[in-house]
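Report on one structure; see the data block that follows.
Values quoted throughout were computed directly from the atomic coordinates according to the rules given, and no laboratory measurement underlies them. A quick note: this is a predicted structure, and the numbers were derived from the prediction, not measured. All Cβ positions, glycine included, derive from the backbone under ideal geometry; neighbour counts span all protein chains shown.
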Amino acid sequence: MALVDLDFPEQLERFGVDTTLECFNCGTCTAICPLIHEHFPRKIIRYAQLGAKDRILQESDELWLCLHCGLCSYTCPREANPGELIYFRVEAIRNRQLEGDCSCLNQGISLSSSRTTSGKR
């Protein structure tokens, strides 16, 4: 059973990821993704929307497969920027901000000011 943190999308906003709730799960990102791996990245974004942080960690292996090519963000009709959402999760895990019970999002990484999936600053 997955634990749900309804405040998770708001927590991500504090770290510069403010488009989590923009996604309406149309599947465009999954259709364009060269990985085509069991609904990636759509599934990870949905977990973030629902606050299912433990599910993100359980399936964190998928996050490392992302090529960060930017196709998902480029084609997103809602400009939800799924590539940045995926990148944030990789960096959060790498920096041990998402671990164990996932309750420790204690320091911010502002991706919006430092990097975009298109490589522009």
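Taking 0.36 nm per residue of separation and subtracting the current Cα-Cα distance, fully stretching the chain between R78 and E38 would add 12.2 nm. Distances between placed amide hydrogens fall under 5 Å for R78 paired with no residue 5 or more residues away or on another chain. Scan region 46-85 for GluC sites (Glu not before Pro) in coil per DSSP, keeping those whose Cβ has at most 13 other Cβ atoms within 10 Å, and list them by number. Qualifying residues, ordered by number: E79.
Test of understanding: what is the full-extension gain from D61 to E10, defined as 0.36 nm times their sequence separation minus their Cα-Cα distance? Could you put the intermediate results ahead of the total?
Details: separation 51, 0.36 × 51 = 18.36 nm, distance 2.43 nm.
Gain on extension, D61 to E10, equals 15.9 nm.
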